[in-house]
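Novice: First, the structure itself, so that you have it in front of you.
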Amino acid sequence: MIVSNLNKTINGKDLLDNVNFSLNVGNKVGLIGKNGVGKSTLLKILSGDLPCDSGKINLNGQTIKMLKQEISKDDYDYSIIDYIKKENNILNLEKRLHELETNLNDDNMAEYGDILDQYLALDGYNFENNLEMVLNGLKLDININKKVGTLSGGQKIKILLASLLLSNADILLLDEPTNNLDIEAIEWLENYLIKLEKQMIIVSHDEEFLNNVTNKIFELENGKITEYNLSYSDYLNYKDMEYNHKLEQYEQAQEQKKKIKAQIQEAKEWSNKGLSSKKKDNDKLAANFAKERTKKTSAKVSGLSKELEKIEIDSNFRKREAINFTVDYSDIKGNGDIYIEDLVCGYDDFKTPPIKVDIPFGTRIQIYGKNGSGKTTFIKTLLNEIKPISGKVYIGNDVKFGYISQDSLETESANLSIYDYLSQDTDIDKSMLFNILNKFHIAYEDKDKTYLTLSPGQRTRVNLAKLAINKINALILDEATNHLDIEAIHVLEEVIDTFNGTIISISHNRAFNEHLKPDVVLNIEDASLTYPDKKSKKK
């Protein structure tokens, strides 16, 4: 595939500006960029689902297919097997083969041979077995004769992914393929894609997934694509080196500017000192000396000013500043602990095994388990949103929960300004509020921006700042990295680096889990506890 001079403007914003690249045999590309820069737009244009304003896409005879995000309601009456067959043109081929086989003759023999060749190319006779294998890998234990309209949202996403994986397209476009997958399913998908001999472009916020599957990076920024023939981890190392080089240049330029400005000020002061000294009215020598002194100073200042103008500073460069989410918990005197004893969570048709775990203040605990095993149900029980079936939960009087979920970026207060959003329901002093804004690197001049206009990374900062204002000391992260771009995930990682309270986390993002460095891992499926460098034990 060769892409030439691709352009696309949406709502007055140039998302793609004269984009050029080629996709060659063996390329498995990670498409990187902040949310909103146009990654999904580019994939939709490549797949033919969205027209470009100008430019050319030459597939060179290859076929291309993109991971769909939803199943049309018109298809809800299809069974799972028939829907996926339809999406891959197998259903029509089977129907026509059956029609021809019932009345096979010399006139239709050529057509039958052609249809059969297409069917064999799609491995039609083994399609059901292949589908079962893929669904097992994606951890979807379901009857394939079930109608797709009866499936949950997460199940539908897996069906769409299975359909793409079983297609015979030469180029696959995958937009966030790991969403709604648990860790085991993600690992299976990784291995499947690594072995799959197809070209692909992948958009994902899962950094470990990108690093394991892709062998080339496309960075989309300001409408342009920059190519890196590197693995994702090597790309990050290169970007770090690039940043450090720019930082060195920036600091040298700033220091040089400071030095020249000081020389200019010193020259002016020297000149003024000469002018202000007392002279006799007839002291022509002194007057001439002062005049000459002023002339020399003017020439020197002019020369230094020209030097100052030549110093180039990248106005777009921003120094990285880590977020510090430390809170004074000196008043916690043993009341910040959480104790759980033989807790059974769930509903009438589902319940967890009895859970026993101690969570002293400051503990980091990761909740692990397959989708549907009760992780979020456990969290809602801790928050008293669901009553326990049996067992006890002791929550210390000083525990103050802060909750961030995959839906936390959406809020009923989206039309409020940052300042109003953060100051609602609190009597915090204005100067203290601005101090917290600065702590989370939210610029003072942005205080009047509405929450709705912020990027996911900025929204994450604002929500974390709100938790800091409320002095929470027990942070609950329920799939908090879902729907975030990589920059926003790094914001969360910076926070957990410095947060000194309790953290209870559910995440399928393996890189994020590794960054968490949990003290204990609770497997919700069997209530077993695993400790770092210690053996698993059942409590």
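Novice: Considering region 161-173 alone, what residues qualify as being of a type in the set (A, V, I, L, M, F, W, C) and open to solvent by less than 10 Å² (accessible area, probe 1.4 Å)?
Specialist: Selection gives Leu161, Ala162, Leu164, Leu165, Ala169, Ile171, Leu172, Leu173.
Novice: Going by what's in this entry, would Ile142 be described as surrounded by fewer than 16 Cβ atoms within 10 Å (Cβ to Cβ) and aliphatic (A, V, I, L, M)?
Specialist: Values: surrounded by fewer than 16 Cβ atoms within 10 Å (Cβ to Cβ): yes; aliphatic (A, V, I, L, M): yes.
Yes: the conditions hold for Ile142.
Novice: Right, next: Condition first: closer than 23 Å to Asn60 by Cβ and open to solvent by less than 40 Å² (accessible area, probe 1.4 Å). Now tell me which residues in region 8-21 satisfy that. It would help to see each step written out before you state the result.
Specialist: Start the filter on region 8-21 by keeping residues that are closer than 23 Å to Asn60 by Cβ, which leaves 8, 16, 18-21.
Passing the criteria: Lys8, Leu16, Val19, Phe21.
Novice: Between residues in region 387-405 that are closer than 11 Å to Ile338 by Cα and residues that are part of a loop (DSSP other than H, G, I, E, B) and among the acidic types (Asp, Glu), which pairs lie under 6 Å by C-beta distance while being six or more apart or on different chains?
Specialist: Filtered contacts from region 387-405: Gly396/Asp337.
Novice: Do we find a residue being assigned to a strand (DSSP E or B) and either of a type outside the set (A, V, I, L, M) or out of contact with any helix residue (DSSP H, G or I) (no Cβ under 8 Å at 6 or more places or on another chain) (or both) anywhere in region 369-383?
Specialist: Going through region 369-383, the residues assigned to a strand (DSSP E or B) turn out to be none.
No: region 369-383 contains no residue that is assigned to a strand (DSSP E or B) and either of a type outside the set (A, V, I, L, M) or out of contact with any helix residue (DSSP H, G or I) (no Cβ under 8 Å at 6 or more places or on another chain) (or both).
Novice: A further question on this structure: Hey, any hits in region 228-245 for a residue that's part of a helix (DSSP H, G or I), modelled with pLDDT under 95, loosely packed, with under 14 Cβ neighbours inside 10 Å and of a type in the set (A, V, I, L, M, F, W, C)?
Specialist: Taking every residue of region 228-245 in turn, at least one turns out to be part of a helix (DSSP H, G or I), modelled with pLDDT under 95, loosely packed, with under 14 Cβ neighbours inside 10 Å and of a type in the set (A, V, I, L, M, F, W, C).
Novice: Let me ask another. I'd like the full set of residues that are over 21 Å from Val25 (Cα atoms) and of a type in the set (Val, Ile, Thr), limited to region 157-176.
Specialist: Step one: filter region 157-176 for residues over 21 Å from Val25 (Cα atoms), giving 157-163, 176.
Once the filter is applied, which keeps residues that are over 21 Å from Val25 (Cα atoms) and of a type in the set (Val, Ile, Thr), region 157-176 yields Ile157, Ile159.
Novice: May I pose another question? What tally of residues in region 147-160 results from selecting those that are open to solvent by 80 Å² or more (accessible area, probe 1.4 Å) and either in a loop (DSSP other than H, G, I, E, B) or polar (S, T, N, Q) (or both)? Don't jump to the end; show me each part of the working.
Specialist: Restricting attention to region 147-160, the residues satisfying the condition of being open to solvent by 80 Å² or more (accessible area, probe 1.4 Å) are 147, 150.
Narrowing the set further to residues that are either in a loop (DSSP other than H, G, I, E, B) or polar (S, T, N, Q) (or both) leaves 150.
The number of residues fulfilling the criteria is 1.
Novice: With the structure loaded, tell me whether Asn89 is farther than 30 Å from Ile45 by Cβ, over 30 Å from the mean Cα position of the chain (by Cα) and surrounded by fewer than 16 Cβ atoms within 10 Å (Cβ to Cβ) or whether it fails that test. First the steps, then the outcome.
Specialist: Details: farther than 30 Å from Ile45 by Cβ: no; over 30 Å from the mean Cα position of the chain (by Cα): yes; surrounded by fewer than 16 Cβ atoms within 10 Å (Cβ to Cβ): yes.
Against the criterion (farther than 30 Å from Ile45 by Cβ, over 30 Å from the mean Cα position of the chain (by Cα) and surrounded by fewer than 16 Cβ atoms within 10 Å (Cβ to Cβ)), Asn89 does not qualify.
Novice: Exactly one of these conditions fails for Met133: (1) free of Cβ contacts under 8 Å to residues at least 40 places away in the same chain; (2) of a type outside the set (Phe, Trp, Tyr); (3) part of a loop (DSSP other than H, G, I, E, B). Give me its number.
Specialist: Condition not satisfied by Met133: (3).
Novice: Another one. For region 43-69, name all the residues that are touching a helix residue (DSSP H, G or I) at 6+ places or on another chain (Cβ under 8 Å) and of a type outside the set (A, V, I, L, M, F, W, C). It would help to see each step written out before you state the result.
Specialist: Initial filter on region 43-69 (touching a helix residue (DSSP H, G or I) at 6+ places or on another chain (Cβ under 8 Å)): 50-52, 57, 64-69.
Pro51, Lys65, Lys68, Gln69, listed by residue number.
Novice: Would you mind listing the strands (runs of 3 or more DSSP E) fully within region 422-539 where at least 3 residues are open to solvent by less than 40 Å² (accessible area, probe 1.4 Å) and touching a residue at least 40 places away in the same chain (Cβ under 8 Å)? Spell out the reasoning first.
Specialist: Details: elements: 474-478, 502-506, 520-523, 528-530.
So the answer is 474-478, 502-506, 520-523.
Novice: So Ile264 clears everything in (1) open to solvent by 60 Å² or more (accessible area, probe 1.4 Å); (2) modelled with pLDDT under 95 except one condition, right? Which one?
Specialist: If we test Ile264 against (1) open to solvent by 60 Å² or more (accessible area, probe 1.4 Å); (2) modelled with pLDDT under 95, just (1) comes out false.
Novice: Here's another thing I want to ask about it. Based on what the data block shows, is Asp342 touching a strand residue (DSSP E or B) at 6+ places or on another chain (Cβ under 8 Å), open to solvent by 60 Å² or more (accessible area, probe 1.4 Å) and either farther than 23 Å from Lys517 by Cβ or of a type in the set (Gly, Ala, Ser) (or both)? Don't jump to the end; show me each part of the working.
Specialist: Values: touching a strand residue (DSSP E or B) at 6+ places or on another chain (Cβ under 8 Å): yes; open to solvent by 60 Å² or more (accessible area, probe 1.4 Å): yes; either farther than 23 Å from Lys517 by Cβ or of a type in the set (Gly, Ala, Ser) (or both): yes.
Answer is yes for this residue.
Novice: Output the number of residues of region 97-128 satisfying the condition of being touching a helix residue (DSSP H, G or I) at 6+ places or on another chain (Cβ under 9 Å) and of a type in the set (D, E, K, R).
Specialist: First, pick out the residues of region 97-128 that are touching a helix residue (DSSP H, G or I) at 6+ places or on another chain (Cβ under 9 Å): 97, 100-101, 104, 108-109, 111-112, 115-116, 118-119, 122-125, 127-128.
Subset that is of a type in the set (D, E, K, R): 101, 111, 123, 128.
Final tally of qualifying residues: 4.
Novice: Does Glu101 fit the bill of being out of contact with any strand residue (DSSP E or B) (no Cβ under 8 Å at 6 or more places or on another chain), touching a residue at least 12 places away in the same chain (Cβ under 8 Å) and more than 24 Å from Ser455 (Cβ to Cβ)? Walk me through how you get there before you give the answer.
Specialist: Working: out of contact with any strand residue (DSSP E or B) (no Cβ under 8 Å at 6 or more places or on another chain): yes; touching a residue at least 12 places away in the same chain (Cβ under 8 Å): no; more than 24 Å from Ser455 (Cβ to Cβ): yes.
Spelling it out, it is not the case that Glu101 is out of contact with any strand residue (DSSP E or B) (no Cβ under 8 Å at 6 or more places or on another chain), touching a residue at least 12 places away in the same chain (Cβ under 8 Å) and more than 24 Å from Ser455 (Cβ to Cβ).
Novice: Let me confirm something: among Leu67, Leu43, Leu23, Leu15, which residue is touching a Gly at 6+ places or on another chain (Cβ under 9 Å) and within 25 Å of Tyr232 (Cα to Cα)? So that I can check it myself, show each step before the final result.
Specialist: Numbers: Leu67 fails: touching a Gly at 6+ places or on another chain (Cβ under 9 Å); Leu43 fails: touching a Gly at 6+ places or on another chain (Cβ under 9 Å); Leu23 fails: touching a Gly at 6+ places or on another chain (Cβ under 9 Å).
Result of the check over Leu67, Leu43, Leu23, Leu15: Leu15.
Novice: Criterion first (of a type in the set (Ser, Thr, Tyr), free of Cβ contacts under 8 Å to residues at least 40 places away in the same chain and open to solvent by 90 Å² or more (accessible area, probe 1.4 Å)) does Tyr119 satisfy it? Let's see the steps before the verdict.
Specialist: Numbers: of a type in the set (Ser, Thr, Tyr): yes; free of Cβ contacts under 8 Å to residues at least 40 places away in the same chain: yes; open to solvent by 90 Å² or more (accessible area, probe 1.4 Å): no.
No: the conditions fail for Tyr119.
Novice: Provide a single number: the residues in region 177-210 that are under 18 Å from the mean Cα position of the chain (by Cα), over 13 Å from Val29 (Cα atoms) and part of a loop (DSSP other than H, G, I, E, B).
Specialist: The qualifying residues number 8.
Novice: Okay, next question. Restricting attention to region 384-402, and to residues there that are assigned to a loop (DSSP other than H, G, I, E, B) and of a type in the set (D, E, K, R), which single residue is surrounded by the fewest Cβ atoms within 10 Å (Cβ to Cβ)? Lay out the reasoning, then the answer.
Specialist: Just the residues of region 384-402 that are assigned to a loop (DSSP other than H, G, I, E, B), to begin with: 384-389, 396-400.
Restricting the remaining residues to those that are of a type in the set (D, E, K, R) gives 385, 387, 398, 400.
Values: Glu385: 10, Lys387: 8, Asp398: 16, Lys400: 17.
Within region 384-402, the match that is surrounded by the fewest Cβ atoms within 10 Å (Cβ to Cβ) is Lys387.
Novice: If you go through region 221-248, how many residues are touching a residue at least 40 places away in the same chain (Cβ under 8 Å) and on the phi < 0 side of the Ramachandran plot?
Specialist: Within region 221-248, the first condition is being touching a residue at least 40 places away in the same chain (Cβ under 8 Å), and the residues that meet it are 221-225, 227, 232, 235, 243, 246-247.
In the following step, the residues that additionally are on the phi < 0 side of the Ramachandran plot were identified as 221, 224-225, 227, 232, 235, 243, 246-247.
Count: 9.
Novice: Could you tell me which numbered condition Thr381 fails, if it satisfies all but one of (1) touching a Leu at 6+ places or on another chain (Cβ under 8 Å); (2) surrounded by 19 or more Cβ atoms within 10 Å (Cβ to Cβ); (3) closer than 24 Å to Arg510 by Cβ?
Specialist: (3)
Novice: A further question follows. Is it the case, given these coordinates, that Ile142 is assigned to a loop (DSSP other than H, G, I, E, B), β-branched (Val, Ile, Thr) and in contact (Cβ under 8 Å) with a residue 40 or more places away in the chain?
Specialist: The answer is yes for Ile142.
The values are calculated or read from the model by the stated rules, or taken from the named source; none is laboratory data. In this text, all values refer to a predicted model and were calculated from it rather than measured experimentally. Don't worry about glycine lacking a Cβ; one is built from the backbone with ideal geometry, like all the others, and counts go over all protein chains shown. Side chains are part of the model used for accessible areas, which takes the heavy atoms of the whole protein and leaves out ligands, DNA and RNA. Shrake-Rupley method; radii C 1.70, N 1.55, O 1.52, S 1.80 Å.
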